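Worksheet: the structure to be examined is printed underneath.
The values are calculated or read from the model by the stated rules, or taken from the named source; none is laboratory data. Note that the coordinates shown come from a computational prediction; the quantities given were computed from them, not determined experimentally. Cβ: placed from backbone, ideal geometry, glycine included. Neighbour counts: every protein chain shown. Surface areas here come from the heavy atoms of the whole protein model, side chains and all, with no ligands, DNA or RNA. Shrake-Rupley method; radii C 1.70, N 1.55, O 1.52, S 1.80 Å.
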Amino acid sequence: QSFKLLGFLDVKSVPCARESVLYGSVGSLVVGLGHFLATSRVRRSCDFAVGGFICTMLGYWFYCRYNLAQQRIRQRMLKEGMRNKILFEGSSLDPERKQTGSERSDS
């Protein structure tokens, strides 16, 4: 069973959605309660709590998606490097293979 936020964001299958909602709710609680303790104004504290939820959720969403994109790029580079290592291992194009003087003059 999936949980859809606002009717379209499937929290279970979308990367970073679950964590963003959880951090947003904690941020909402902290900001709203902090503002209430500082001012004792309930309605204004609820407004701050909603704003804290949105800001925290979006902030963590972008942070998490950025890290996910970086991780995918690193995985792609590692996969390509492993493919090249297997492809060129033992050949004259292998960068780890030590070339002798006769091989250098041939190429």
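Filtering the stretch 17-33 to residues that are over 13 Å from L58 (Cβ atoms) and not polar (S, T, N, Q) leaves R18, L22, V26, L29, V30, V31, G32, L33. In the stretch 43-72, of all residues being within 25 Å of P15 (Cα to Cα) and of a type in the set (D, E, K, R), the one that is surrounded by the most Cβ atoms within 10 Å (Cβ to Cβ) corresponds to R65. One residue is enough: does the stretch 15-22 have a residue meeting the conditions hydrophobic (A, V, I, L, M, F, W, C), modelled with pLDDT of 80 or more and outside any helix (DSSP H, G or I)? For the stretch 15-22, residues hydrophobic (A, V, I, L, M, F, W, C), modelled with pLDDT of 80 or more and outside any helix (DSSP H, G or I): present.
Annotation note: of G81, G52, the sole residue that is assigned to a helix (DSSP H, G or I) and in contact (Cβ under 8 Å) with a residue 12 or more places away in the chain is G52. With respect to S40, determine if the residue is modelled with pLDDT under 90 and open to solvent by less than 100 Å² (accessible area, probe 1.4 Å). So S40 does not fit the description; no.
If you take the residues of the stretch 51-76 that are of a type in the set (G, A, S) and within 13 Å of the chain's Cα centre (by Cα), which of them is farthest from V21 (Cα to Cα)? Looking at the filtered set, the residue picked out is A69.
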